[in-house]
Amino acid sequence: MLGRSANGIYWMARYLERAENTARLLDVGFRMALTRGPDAAREEWRSVLVTTGQDAAFGQRHDEYSGTHVVNWILRDRENPSSVMTMIENARINARAVRTSITREVWEATNESWMALREALSRPVRESSLGEVLAMIRGQTTQVRGAMDGTMLRNEVYNFARIGTFLERADNTARILDVKYYVLLPSLSWVGSSLDNVQWETVLRSVAGNRAFRWLHSGGMDPRGIAEFLILDGRFPRSLVFCYDKIRSNMAGLARQYGMETAAHELLRGAGARLHQASIDEIFDLGLHEFILSFIAGNIDVGERIAADYRFID
Amino acid sequence: MRTTPGKFDEMVTEDGTIRPAYAGFCKWFDEQDGAWLRKQTAEAEKFFRRTGITFNVYGDDAGEERLIPFDMVPRIITAREWRRLSRGIEQRVRALNAFLHDLYHRQEIVRAGRFPARLLQNNDAFLPQMVGFQPPGGVYTHIVGIDLVRTGPDEFMVLEDNARTPSGVSYMLENRETMMAMFPELFSRVAVAPVQDYPQRLARSLTACAPGGVGSGKDGRPVVAVLTPGIYNSAYFEHAFLADQMGAELVEGSDLRVIDGRIAMRTTCGYQPVDVIYRRVDGEFLDPLTFNPESVLGVAGIMDIYRAGRITIANAPGTGIADDKAIYSFMPEIVEFYTGEKPILQNVPTWRCGEPDALKYVLENIAELVVKEVHGSGGYGMLIGPTSTRKEQADFARKLAAKPENYIAQPTLALSTVPIFTKAGLAPRHVDLRPFVLVSPKGVDITPGGLTRVALRKGSLVVNSSQGGGTKDSWVLED
């Protein structure tokens, strides 16, 4: 396939994943605002902006972290080059550019997402309709993923889409941990206080892992367990280990089809080994924050290596 | 339905009887419930939006994509009518290729005094780079669209030739697809010649034009790629659609470069050679080294590879000269000169404003004529006398007088009508027809039917999609 097409399908998947994860983060802020009062909510809105890397740009245009401002900035502001609407638009532009590589179903699902969201985000989003809009974003992106899963050949095209999805997802989970790591550090938390429980719950919710975690831990909750769950639990589809296993299996698929491995495979083997061999105790001994920072940097390297090895651009 | 007096309606005669071609359709149509038909048509629009069958209009805000309206009443041609039409089209397309070959070689037609050399001088569409060069397979225009209009029972005329890069074939295919999805039982009642194998025919035809026999594909088959200017081009949907249906790569200029004396595309496994390029990029943008140095749509050095006979470019650069409307006016002579036969299809009578007598006539009668730029297309840069204001006519007359050789004029034709389905029932509207023709060393292949464009506004003669025209499914009946 063309290098440009590989680039297109890879970014299409990344943008869709990022849009979905951003909607999830907004959901958490929304929930805080409803249940915890203005101060906690403000703090949560700010952290959503930091996690998505939009804090500085937002600060240039707004003085305070009010819910309506943050939500509309992230979802639909034309001044914001990383808004959810722009991501969906970018996903569609990429899908259009690789139409010959994707199935009709995948194209139509992507196109429909764009049409539905363009309609839903054509006016400012009020608090009363926010829940509905966020559910729609999750629903639409899920539909595209379903169409990919159900209709695409398991070939290089699919591999590049999946690699994009999981590199993005790993990045998003790591960024949530990066912004919230202090919540999980024992030195700064009063063990067992209700504030902690709320904060921990928030971290889990941001990755749609609250129910799964409680189910696995019989309702108990502790910071170390949460960090372990998000980083090392290979059963949880948004954990770093899960994402890297998926990236590796799709990279293995490419190696099989092309009859050769590339430098990216080597890089990925190293990163995968570091993840698998780490225990949560070692991670905390080394420093959770340092671990996360180095993971994010490594993840970026892997992405760039893949783009270069498979000639995404000239 | 009331027909328009003095206009030939293809469905209904002036005394209200249904013509034989439409008998099957009309019988079915009368049995249907109007509300249901309207609901189905609305569904069709949703279907087009969802599948992204849209086109971009130049100059619109932010490259907004628009739908070309679809009308559910098919345009129907009988097998007998089609046999005659396709003979005429084949004759014309053979003549066009022979003419292009001659223009770029000995120019026998000029030497014989049957065609004026002045039409080639200072004509940007004539490419000196093509002089003396023989394209692979000897074919110049591989894909041709011949625009036809009808004025009476057996009177089809050629309005213009599209030898450069005709578009619209994806609408021909999707319109049929849509009709079959909406009204499947209609096709069991009326036998219609299929068009759905056009992409396979196109692939076969392009493959047969590959240079030097052996292809670069895994199985020794020639590798075909569709070259598009990219997703913001008005016909991008069609480029993607055709590449997809042919199983060819859809490439942009930035995907291609010259490697080891071949044109190669950048794949995830490195550069791989291409044998045939179906280019949907204008010739002047093909090679920044040879033509427009600003172009980022083409491939630097492709003309050298082309001249070395190591790639086929379809259509060949320099074919645009045959789209020139002043040259069009010589088509009857051109057909006769190269085929030795009388032309089967007539031209629309044309005044070449570059000739003093013609200019005088056109200026005196501008209110009754259609005046066109010789290099214009898409319905732009033209004046339709009868529907224009006096001021528009005066403005146009000034432009015309300043640069007469840049214009031709034609009588305003009584174009045939075919009904469209409106809220108030059937209503006649003007139509044209663009059949699509494939040319390879193996022969000329015409898909039965083509694209029917229809002016949706009452009385309008402009069928161009960029100016509010719609399309219809076009049927050629089987015997």
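Out of segment B:226-239, which residues are in contact with a Lys or Arg (Cβ under 9 Å, 6 or more places away or on another chain) and facing chain A (nearest Cβ under 10 Å)?
Of everything in segment B:226-239, those that are in contact with a Lys or Arg (Cβ under 9 Å, 6 or more places away or on another chain) and facing chain A (nearest Cβ under 10 Å) turn out to be B:Val226, B:Thr228, B:Ile231, B:Tyr236, B:Phe237, B:His239.
Output the residues belonging to segment B:282-320 that are in contact (Cβ under 8 Å) with a residue 60 or more places away in the chain and on the phi > 0 side of the Ramachandran plot.
Residues satisfying the conditions are B:Gly309, B:Gly318.
Taking into account only those residues within segment A:63-95 that are among the hydrophobic types (A, V, I, L, M, F, W, C) and within 14 Å of chain B (Cβ to nearest Cβ), which is surrounded by the most Cβ atoms within 10 Å (Cβ to Cβ)?
Only one residue fits best here, namely A:Ala95.
May I ask you to list the residues in segment A:70-114 that are outside any helix (DSSP H, G or I) and either more than 26 Å from A:Gln54 (Cα to Cα) or among the basic types (Lys, Arg) (or both)?
Residues satisfying the conditions are A:Arg78, A:Val98, A:Arg99, A:Thr100, A:Ser101, A:Ile102, A:Thr103.
Residues are listed down the side, and each one gets a yes or a no for (1) surrounded by 21 or more Cβ atoms within 10 Å (Cβ to Cβ); (2) part of a strand (DSSP E or B); (3) modelled with pLDDT of 90 or more; (4) among the charged types (D, E, K, R):
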site	(1), (2), (3), (4)
B:Ile321	yes, no, yes, no
B:Ile327	yes, no, yes, no
B:Pro332	no, no, yes, no
B:Phe337	no, no, yes, no
B:Glu341	no, no, yes, yes
B:Lys360	no, no, yes, yes
B:Gly376	no, no, no, no
B:Glu392	no, no, yes, yes
B:Ala409	yes, yes, yes, no
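If I filter segment A:258-271 down to residues being assigned to a helix (DSSP H, G or I) and buried (at least 17 other Cβ atoms within 10 Å of the Cβ), which single residue comes out as nearest to the other protein chains (Cβ to nearest Cβ)?
Taking the candidates together, the pick is A:Ala264.
Can you pull out every residue in segment A:141-169 that is under 18 Å from A:Ala23 (Cβ atoms) and within 13 Å of another protein chain (Cβ to nearest Cβ)?
A:Gln143
Which of the residues belonging to segment B:240-293 are more than 27 Å from A:Leu254 (Cβ to Cβ) and within 11 Å of chain A (Cβ to nearest Cβ)?
B:Phe241, B:Leu242
Within the set of pairs 6 or more residues apart or between chains, which connect a residue that is at the interface with chain B (Cβ under 7 Å from one of its Cβ atoms) inside segment A:96-121 to a residue that is assigned to a loop (DSSP other than H, G, I, E, B) and at pLDDT below 90 with Cβ atoms less than 7 Å apart?
As it stands, the answer is A:Arg96/B:Ile231; A:Ala97/B:Ile231; A:Trp107/A:Arg99; A:Trp107/B:Gly52; A:Asn111/B:Gly52, since those pairs meet every condition given.
So, of the residues in segment B:432-479 that are under 18 Å from B:Thr165 (Cβ atoms), among the polar types (S, T, N, Q) and touching a helix residue (DSSP H, G or I) at 6+ places or on another chain (Cβ under 7 Å), which turns out to be surrounded by the fewest Cβ atoms within 10 Å (Cβ to Cβ)?
Selected residue: B:Ser440.
Matching residues to (1) over 21 Å from B:Asp473 (Cα atoms); (2) buried (at least 17 other Cβ atoms within 10 Å of the Cβ); (3) within 23 Å of the chain's Cα centre (by Cα); (4) modelled with pLDDT of 95 or more:
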site: B:Ala191; (1), (2), (3), (4): no, no, no, yes
site: B:Leu206; (1), (2), (3), (4): yes, yes, yes, yes
site: B:Val224; (1), (2), (3), (4): yes, yes, yes, yes
site: B:Pro229; (1), (2), (3), (4): yes, yes, yes, no
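Considering only segment A:211-222, how many residues are at pLDDT below 90 and either of a type in the set (Asp, Glu) or surrounded by 18 or more Cβ atoms within 10 Å (Cβ to Cβ) (or both)?
1
Name the residue that is nearest to B:Arg164 (Cα to Cα), counting only residues in segment B:283-314 that are outside any helix (DSSP H, G or I) and touching a strand residue (DSSP E or B) at 6+ places or on another chain (Cβ under 6 Å).
Among them, the one singled out is B:Ala314.
From the residues in segment A:98-140 that are crowded, with 23+ Cβ neighbours inside 10 Å and among the small types (Gly, Ala, Ser), which one is farthest from the chain's Cα centre (by Cα)?
A:Ser101
What about A:Arg305, is it in a helix (DSSP H, G or I) and either of a type in the set (Lys, Arg) or at pLDDT below 95 (or both)?
yes
The values are calculated or read from the model by the stated rules, or taken from the named source; none is laboratory data. These numbers were taken from a predicted model, which means no experiment stands behind them. All Cβ positions, glycine included, derive from the backbone under ideal geometry; neighbour counts span all protein chains shown.
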